[in-house]
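All remarks here apply to the structure that follows.
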2 protein chains.
Amino acid sequence: MKCKRCRRAGAAVELPSHHAAFCPDCFFVFFRRQVTEGIRKLRLLAPEDRVLVCVSGGKDSLVLWDVLIDEGYETEGLYIDLGIDGYSDRSKEKVFSYAASRGKAPIVVDLAKEGIPIPEAARCVRMQECSICGTVKRHFFNRVAAEGKFTVVATGHNLDDETARLLGNLLHWQRGHLARQHPLLPGTGGGLVRKVKPLWRVSEVETAAYGFLKGIDYVTEECPMSEDATSLVYKEALSRIEDRMPGTRIVFYQGFLDPSSPLRKGLEAAAPADASPTPEDGTTADAARARDVDAEEGTGAPRACASCGAPTYTEICSFCRLKERVREARSVRAARGSR
Amino acid sequence: MKCKRCRRAGAAVELPSHHAAFCPDCFFVFFRRQVTEGIRKLRLLAPEDRVLVCVSGGKDSLVLWDVLIDEGYETEGLYIDLGIDGYSDRSKEKVFSYAASRGKAPIVVDLAKEGIPIPEAARCVRMQECSICGTVKRHFFNRVAAEGKFTVVATGHNLDDETARLLGNLLHWQRGHLARQHPLLPGTGGGLVRKVKPLWRVSEVETAAYGFLKGIDYVTEECPMSEDATSLVYKEALSRIEDRMPGTRIVFYQGFLDPSSPLRKGLEAAAPADASPTPEDGTTADAARARDVDAEEGTGAPRACASCGAPTYTEICSFCRLKERVREARSVRAARGSR
């Protein structure tokens with residue numbers, strides 16, 4: 001099969017959802033256009049932004065960084081070392097080697113040094129690993145962005161991730177989660193940085209193909225702590241539907257994002273006027289989702305955590321409470337050991 | 001395993017979504033309670049209703065008829081003979097034999113005699129079989145109900161059917177379909193009868209178990225014309241999710257029906273005030289879904305079809321237009337044959 005764009009080279013990537021097949025060079029053009037269109041449509045990034053790209057060592061985040069560098073954005077990579085035996089070392093290596101290939105060195109947060117490596121935290125606290133990991137990452141996204149004067153944090157969530165999450169939120173009608181699900185979470189000042197997902201229009205397969213054809217070396221293993229994640233069940237269900245009806249995912253997600261969609265209207269109507277801090281650069285429609293504050297739900301403007309200063313709706317933010325519980329569990333163990 | 005209700009007899013039906021397992025007698029009680037609760041919660045039926053039960057010969061509709069008879073409702077069965085070779089004869093036989101066992105004889109509409117058997121209609125008209133079948137059935141539901149002075153029409157759609165349809169409507173954000181999806185479609189007078197789905201709370205597996213344990217003999221084959229139906233893709237996807245997370249389907253559907261759900265609020269807000277005929281016995285909230293008029297979308301009150309008098313938004317209703325096209329195709333064929 002020939003490339004449907006240049007009609008000369010052989011097609012290397014077939015995309016049923018776009019009725020298309022591309023040679024590598026034309027696929028790069030297509031993929032980058034999808035990403036830049038996704039950025040433009042939802043005004044995720046401005047040319048003057050300083051972008052903190054969260055890189056895990058997986059394909060999505062490294063591809064995201066690659067595209068943003070190529071598009072001329074000012075970026076730095078943030079690698080959070082979760083402290084997971086073997087997996088964390090292997091991912092870190094991929095991040096460093098990719099960064100070096102672009103003449104960069106990533107910012108590193110080491111959770112072991114911060115006193116809260118994920119596996120130990122999960123043993124100390126009765127919470128799911130993925131939930132702990134979310135709280136911890138959210139904390140450092142805001143903190144590192146503030147310290148490094150970044151104007152925005154970008155993560156590598158792709159269309160498959162976002163639609164799986166949307167399906168889960170719809171199946172259980174999780175109103176709060178639905179109200180906050182968007183590729184753009186506006187910043188609100190007070191330590192809450194804007195968060196964006198520039199890969200929202202591209203699928204996992206497309207992202208993997210881009211990474212592979214670009215020769216980006218990434219970890220292919222899934223995080224060993226997320227193996228049972230329910231999001232995989234939703235992802236698999238949507239994959240089967242997409243296989244039978246190519247294009248379903250993008251129609252599903254774009255329909256959800258449409259400001260005139262009945263669900264969005266209903267969610268906005270339901271959000272009390274004072275429920276959200278005012279986004280620093282957003283419209284009133286953004287207000288309903290400007291609440292990615294800590295792990296808590298709250299109304300009004302968040303205050304500063306009494307311990308670390310992070311934005312929160314409680315006195316002590318959920319990150320500091322988590323850390324305190326790990327510290328307590330450690331002293332109990334140490335006391336037992338010395339008896 | 002013992003029955004979790006009486007704790008004496010052995011369990012014959014295990015229901016993970018209800019954390020339950022029942023012996024046959026206790027399962028009958030459970031199943032009937034689910035159906036009557038579904039009727040009560042949404043006020044689908046009143047004791048004085050005359051119910052026209054649409055029976056296809058499959059498990060769902062025969063089980064529905066069985067439960068409604070046992071619950072003391074005044075019912076008659078309506079069998080529409082679609083004219084599908086073999087399948088229609090086998091289904092009709094099951095309907096007659098079940099009806100006879102309850103001392104009843106079904107009302108029969110024979111589409112071949114009406115000049116519009118589904119397979120021939122599908123060959124003549126460029127429309128999907130399932131879509132033609134829907135138009136034709138809707139027409140006869142209203143007509144037979146009016147002729148027989150029935151106050152309501154009941155169909156055997158179960159929780160699996162309704163959630164598969166809901167998922168499809170959500171994946172494509174089909175606003176009109178979402179606004180009209182409900183176990184209760186209020187009647188509006190003018191030939192539009194109320195339509196209800198009393199089995200909305202029970203799953204396909206539960207309905208099949210009820211039919212089997214009650215000794216109801218039903219056709220097990222799917223309609224041969226619906227084999228490629230996309231609804232089966234959605235059903236299968238939801239089955240996989242339900243297997244992993246029992247109870248997801250009922251949470252999904254009940255959350256959708258919740259009058260305070262953000263989607264429902266958004267759909268009601270979007271429906272223009274004059275878009276719907278006023279339901280004869282419903283609330284204003286019902287108005288958004290009182291539009292099961294013909295296959296057309298329209299605003300205001302429907303008028304009577306110039307040819308048959310059925311409610312429609314066009315001069316000639318979609319059923320009469322369909323019939324006319326079949327008639328034309330026949331004359332063309334007859335003219336060719338006589339040459």
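Worth pointing out:
- Matching option when the condition is small (Gly, Ala, Ser) and at pLDDT below 90, among A:SER131, A:SER101: A:SER131
- Residue in segment B:207-219 that is surrounded by 20 or more Cβ atoms within 10 Å (Cβ to Cβ) and either touching a strand residue (DSSP E or B) at 6+ places or on another chain (Cβ under 7 Å) or not assigned by TED's automatic domain parsing to the domain that holds B:ASP60 (or both) present: yes
- Of the residues making up segment A:107-142, just one is surrounded by fewer than 18 Cβ atoms within 10 Å (Cβ to Cβ) and touching a Pro at 6+ places or on another chain (Cβ under 9 Å), namely A:ASP110.
- Hits in segment A:183-206 (condition: on the phi > 0 side of the Ramachandran plot and buried (at least 18 other Cβ atoms within 10 Å of the Cβ)): A:GLY191
- Index of the failed condition, B:SER91 passing every other in (1) in contact with a helix residue (DSSP H, G or I) (Cβ under 9 Å, 6 or more places away or on another chain); (2) surrounded by 21 or more Cβ atoms within 10 Å (Cβ to Cβ); (3) not charged (D, E, K, R): (1)
- Residue count, segment A:93-120 (criterion: of a type outside the set (Lys, Arg) and within 21 Å of the chain's Cα centre (by Cα)): 16
- Taking the criterion of being at pLDDT 95 or above and in contact with an Asp or Glu (Cβ under 7 Å, 6 or more places away or on another chain), the residues of segment B:158-184 that qualify are B:ASN158, B:ASP160.
- Residue match in segment B:41-52 (condition: assigned by TED's automatic domain parsing to the domain that holds B:PRO119 and closer than 20 Å to B:ILE216 by Cα): yes
- Near pairs, Cβ below 8 angstrom, 6+ apart or cross-chain, from segment B:170-183 (closer than 17 Å to B:ASP258 by Cα and free of Cβ contacts under 8 Å to residues at least 24 places away in the same chain) to any residue that is surrounded by 22 or more Cβ atoms within 10 Å (Cβ to Cβ) and not charged (D, E, K, R): B:LEU170/A:LEU170; B:LEU170/A:PHE252; B:LEU170/B:LEU178
- The single condition among (1) in contact (Cβ under 8 Å) with a residue 60 or more places away in the chain; (2) touching a helix residue (DSSP H, G or I) at 6+ places or on another chain (Cβ under 6 Å); (3) over 23 Å from A:SER91 (Cα atoms) that A:GLY211 does not meet is (3).
- As a summary of the residue check, A:LEU185 satisfies the conditions (1) away from chain B (no Cβ under 14 Å); (2) touching a helix residue (DSSP H, G or I) at 6+ places or on another chain (Cβ under 8 Å) except for the one numbered (2).
- Where B:VAL67 falls short, out of the listed (1) over 22 Å from B:SER203 (Cβ atoms); (2) in a helix (DSSP H, G or I): (1)
- Taken over segment A:312-339, residues that are in a helix (DSSP H, G or I), of a type in the set (A, V, I, L, M) and closer than 26 Å to A:LYS137 by Cα amount to 3.
- Residue list for segment A:1-51, filter: charged (D, E, K, R), within 30 Å of A:GLY187 (Cα to Cα) and not in a helix (DSSP H, G or I): A:ARG43, A:GLU48, A:ASP49, A:ARG50
- Test: residue in segment A:53-61 that is assigned to a loop (DSSP other than H, G, I, E, B) and β-branched (Val, Ile, Thr): yes
- Counting only helices (runs of 4 or more DSSP H) that sit wholly inside segment B:193-273, those with at least 1 residues that are modelled with pLDDT of 95 or more and within 14 Å of chain A (Cβ to nearest Cβ) are B:230-244, B:248-257.
The values are calculated or read from the model by the stated rules, or taken from the named source; none is laboratory data. Predicted model only: the values in this text are computed from it and were never measured. All Cβ positions, even for glycine, are placed from backbone atoms using ideal geometry, and neighbour counts span all protein chains on display.
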